[in-house]
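Beneath this line is the structure, given in structure tokens, with notes to follow.
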Amino acid sequence: MLARMPSVKSLLTVISLAVASGAAFAQNQPQPTGWVVEDNSIGVIQQPVVVQPQPAPPAPPPNWAVAAMLALDPKYVGGIVDVTASGGTPEPKQWIILARDTSNQGVLHRLTVADGQVIADVPSLNLVESMRQRVSIDPQAVQVDSGDAYLVVEPIAAANGKIIGHVDYSLHQEASDTAPIWTLNCFDLNGVYIGKVNLLATTGNVLSSPGFKNVPGN
């Protein structure tokens, strides 16, 4: 007599039980570290998401004049009247900025900025300096930063047979309808004064160069 074949329904029941048992077994097994099994899957192992390292933050801006001006409190930024620094090679260690407090009757303050941080802020005690009417310098108008000005002056010194050891910077503006002007006093490697260059802080055009007879391009 031929054996009775199981019904389709019985086969499906057996298959369902086997699948369920396999899923329970997979869930109960220890998983590799860092790997996960989806709750709604049948033993499907997914590779963990690899987190890409974040790029290092950009280096702080160099210690140039515009960065120092923008480091001031907003109440001073609109009242900057003079920016100076000594010992630039080309970056100086610190900037001295005279600025009026636009929130307090324009009281003149003397601020020291180093590495993009204001490290000193005192009211100016110089009466002549405080009473002098000066035009405010807009940092956005300074298209030729202090380092750029140094690059203008360096070949001028070279054209006159001189090597710059360091420069002293001065940024000022004579009138509201004129451009701010850079004055760079130049010293050789021994600290001896060799000349100065006045140039527009908007274009870099040289206005005068006392002490330097030869100016390339002129």
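The values are calculated or read from the model by the stated rules, or taken from the named source; none is laboratory data. Here the structure is a predicted model, which is why all the values come from computation and not from measurement. Methodologically, a virtual Cβ is constructed for each residue, glycine included, from the backbone with ideal geometry; neighbour enumeration extends over all protein chains shown.
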In segment 117-139, what residues are modelled with pLDDT of 90 or more and of a type outside the set (Val, Ile, Thr)?
-> Gln117, Ala120, Asp121, Pro123, Ser136, Asp138, Pro139
Matching residues in segment 187-218 (without any contact (Cβ under 8 Å) to a residue 24 or more places away in the chain, more than 17 Å from Glu174 (Cα to Cα) and in contact with a Ser or Thr (Cβ under 9 Å, 6 or more places away or on another chain)) number 2
Hey, does segment 125-139 have a residue that's part of a loop (DSSP other than H, G, I, E, B), more than 15 Å from Thr89 (Cβ to Cβ), more than 25 Å from the chain's Cα centre (by Cα) and in contact (Cβ under 8 Å) with a residue 12 or more places away in the chain?
-> yes
For segment 161-183, how many residues are among the β-branched types (Val, Ile, Thr) and not in a loop (DSSP other than H, G, I, E, B)?
-> 3
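Filter segment 184-204 down to the residues that are exposed (fewer than 14 other Cβ atoms within 10 Å of the Cβ), on the phi < 0 side of the Ramachandran plot and part of a loop (DSSP other than H, G, I, E, B) and list them by number. Give the steps one after another, and end with the answer.
Let us first name the residues in segment 184-204 that are exposed (fewer than 14 other Cβ atoms within 10 Å of the Cβ), namely 189-193, 203.
If we keep only those that are on the phi < 0 side of the Ramachandran plot too, we end up with 189-190, 192-193, 203.
Passing the criteria: Leu189, Asn190, Val192, Thr203.
Give the residues of segment 174-183 that are surrounded by 11 or more Cβ atoms within 10 Å (Cβ to Cβ) and either β-branched (Val, Ile, Thr) or without any contact (Cβ under 8 Å) to a residue 40 or more places away in the chain (or both), sorted by residue number.
If we filter segment 174-183 for residues that are surrounded by 11 or more Cβ atoms within 10 Å (Cβ to Cβ), which is where we start, we get 174, 178-183.
Glu174, Thr178, Ala179, Ile181, Trp182, Thr183, listed by residue number.
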